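For reference, the structure discussed in these notes is given below.
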Amino acid sequence: MKSKGWDAELYEARHGFVWRFGEGVVEFLNPQPDERILDLGCGTGQLAAKIAAAGANVLGLDASPDMIGQARQNFPKLRFVLADAAKLEYENEFDAVFSNAVLHWILDRAAVVGGVARALKPGGRFVAEFGGKGNIRILESTIERVSAKYHGGQAPAKRTYYPSVGEYAALLEQHGLEVRSGQLFDRRTPLEGEDGMADWVRQFKWYYFEGLRPGQPEEALNELIEELRPKLYGPNGWFADYRRLRVWAVKL
Ligand code: BEZ
């Protein structure tokens, strides 16, 4: 199992659903020609390219050198920057800030939303979708339980944040963003192939299996997969119990 960081190769090969579902969020954003748009957590750049195809002037930002390197290789004509979404340094620069499937990774939500609010021009919009309250409830609780067994009874600390509509709306309002829309909805997400769940865990939850003795990560992963099978393997194969929070807010 890869031990740390984001694996852009595995992401592109096996987790294209992240940007395929994200295409619906780009449609919701409805980018217009010549708008300046920041794609917060752009990954390997596919959604930034879709925004650019609408004629907008897009800047992709990601904190992973692996992801940014791959984005530059995929889309050499677009602009990408390596930076932390919780430390944005832009002021009144963007007509829109867009983000898909990223904000649940950033625990310092106030820093992100504060930076987004500063980065937007007055009247600019923040359009984001990410894991909301109840996201991957079955998946994450099972990973925590199995991983705790291998870590002397205590699973590693959570690294994700899944807010409710009310909680996130309050945060947006505290930062001068007017909430025009907020939705929480289930989105069961198919994971490709017989190894779909194992690949998902290797990509997104590797940190639950760090620091174990040689051989143990593989053992724990096999045990986890067998625990998940009755819960998240259906007639069409593996799926993840995603739940999305989608918001639209405008800077006053
Ligand atoms: C997601 O909701 O997109 C997600 C959450 C945790 C790990 C990976 C993905």
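Based on the Cβ-Cβ distance of A157 and N57, what FRET efficiency does E = 1/(1 + (r/R0)^6) give at R0 = 35 Å, to the nearest 0.05? Walk me through the numbers before you get to the answer.
Values: r = 39 Å, r/R0 = 1.11.
So, using R0 = 35 Å, E works out to roughly 0.35.
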I'd like the Karplus ³J(HN,Hα) series for the stretch 28-33: coefficients 6.51, -1.76, 1.60, θ = phi - 60°, whole numbers in Hz, and an x wherever there's a Gly or Pro. 5, 4, 6, x, 10, x
In debye, nearest 20: dipole of the stretch 8-251 around its Cα centre with unit charges on the Cβ of K, R (+) and D, E (-)? 440
What is the set of long-range amide H partners of F80 at a cut-off below 5 Å, with H atoms built 1.01 Å from backbone N? G60
Between Rg and the Kirkwood Rh of the stretch 88-244, both from Cα atoms, what is the Rg to Rh ratio? 1.05
Can you put D62, D95 in order of Cβ neighbours within 10 angstrom, beginning with the fewest? D95, D62
How large is the helix-only mean residue ellipticity at 222 nm for the chain, computed as the sum of -39500 (n - 2.57) over DSSP H runs with n ≥ 4, divided by its residue count, in deg cm²/dmol to the nearest 500? -12000 deg cm²/dmol
Tilt, helix 109-119 to longest principal axis of the chain (alpha-carbon atoms), in degrees rounded to tens, equals 30
³J(HN,Hα) across the stretch 224-230 via Karplus (A = 6.51, B = -1.76, C = 1.60, θ = phi - 60°), whole Hz, x for Gly/Pro? 4, 4, 5, 5, 7, 3, x
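Quick check: net charge around N92, other residues with Cβ under 15 Å of its Cβ, Lys/Arg +1 and Asp/Glu -1? Kindly include the intermediate steps, with their values, before the conclusion.
Details: positive: R36, R118, K121, R125, K251; negative: E35, E89, E91, E93, D95.
Neighbourhood net charge equals 0.
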State the extension gain, in nm to one decimal, for the chain segment bounded by R79 and E178, taking 0.36 nm per residue of separation less the distance between their alpha-carbons. 32.8 nm
Footprinting exposure proxy for I51, I225 (fewest neighbouring C-beta atoms within 10 Å first): I225, I51
Of the candidates V58, N30, Q216, the farthest towards the positive dipole end of the chain (Lys/Arg Cβ +1, Asp/Glu Cβ -1, centred on the Cα centre) is N30
Nearest 5 percent is fine: what portion of the DSSP beta bridges confined to the chain is antiparallel? 55
Against the longest alpha carbon principal axis of the chain, how many degrees, from 0 to 90 and to the nearest 10, is the axis of helix 137-150 turned? 50
J(HN,Hα) series, the stretch 197-214, from Karplus relation 6.51 cos²θ - 1.76 cosθ + 1.60, nearest Hz, glycine and proline x: 6, 4, 5, 4, 5, 4, 6, 10, 10, 4, 5, 6, 10, 7, x, 8, 6, x
What distance in nm separates the simple spin-label points at E91 and E23, each placed 7 Å from Cα in the Cβ direction? 4.0
Restricting to lysines and to Cα separations under 24 Å from K121, and discarding same-chain partners fewer than 8 apart, the set is K50, K87, K251
What is the helix-to-structure angle for 165-174, meaning the angle in degrees between its Cα long axis and the longest Cα principal axis of the chain, kept from 0 to 90 and rounded to the nearest 10? 40
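Since every read-out is calculated from the coordinates, none of them should be taken as a lab result. Since the model is a prediction, treat every value here as computed from it, not as a measurement. Here the Cβ is made from the backbone with ideal geometry for all residues, glycine too, and neighbour counts use every protein chain on show.
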